[in-house]
Amino acid sequence: MEIAPPSGNALVTRQEPGLFLEIWRVEDWDGDIINAAPDEHDAVGWFSLDEALSLDLADAAYPALFKQVLS
């Protein structure tokens, strides 16, 4: 899969010891979306905000990040 380079700055940047996270809005891509790191992630999927908030997430801070970028 090829992702078109995002414009502007990351929507959210979170940095703490052992973690650097940037959230970008991806609006265009070419090819099939695949799980490129199956040893790190169970699956790739599309979710509404409500669906995403109901998932069993790896980090308790993710719901607030989702709300921040998707609301």
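The values are calculated or read from the model by the stated rules, or taken from the named source; none is laboratory data. Given the structure is predicted, the values throughout are model-derived calculations rather than measurements. Positions of Cβ are generated from backbone atoms using ideal geometry, with glycine treated the same way; all protein chains shown enter the neighbour counts.
Of all residues in the stretch 26-71, which are of a type in the set (S, T, N, Q) and without any contact (Cβ under 8 Å) to a residue 12 or more places away in the chain? If you could, list the steps in order and put the result at the bottom.
Our first condition is that a residue be of a type in the set (S, T, N, Q); within the stretch 26-71, this holds for 35, 48, 54, 68, 71.
Answer for the stretch 26-71, where residues must be of a type in the set (S, T, N, Q) and without any contact (Cβ under 8 Å) to a residue 12 or more places away in the chain: Asn35, Ser48, Ser54.
Among (1) of a type in the set (Asp, Glu); (2) surrounded by 10 or more Cβ atoms within 10 Å (Cβ to Cβ); (3) not in a strand (DSSP E or B), where does Asp50 come up short?
Status for Asp50: all satisfied but (2).
Return the residue satisfying two criteria in turn: it lies in the stretch 16-47 and is under 22 Å from Met1 (Cα atoms) and in a strand (DSSP E or B), and of such residues it is modelled with the lowest pLDDT.
Taking the stretch 16-47 as the starting set, the residues that turn out to be under 22 Å from Met1 (Cα atoms) are 21-47.
Checking the rest, the ones that are also in a strand (DSSP E or B) come to 21-23, 29-30.
Values: Leu21: 86, Glu22: 89, Ile23: 87, Trp29: 83, Asp30: 88.
That would be Trp29.
Pull up the stretch 8-39, narrow it to residues that are polar (S, T, N, Q) and surrounded by 10 or more Cβ atoms within 10 Å (Cβ to Cβ), then point me to the one that is farthest from Tyr62 (Cα to Cα). First the steps, then the outcome.
So in the stretch 8-39, the residues polar (S, T, N, Q) come out as 9, 13, 15, 35.
Pick out the ones that are also surrounded by 10 or more Cβ atoms within 10 Å (Cβ to Cβ) and you get 13, 35.
Working: Thr13: 12, Asn35: 19 Å.
Looking at the filtered set, the residue picked out is Asn35.
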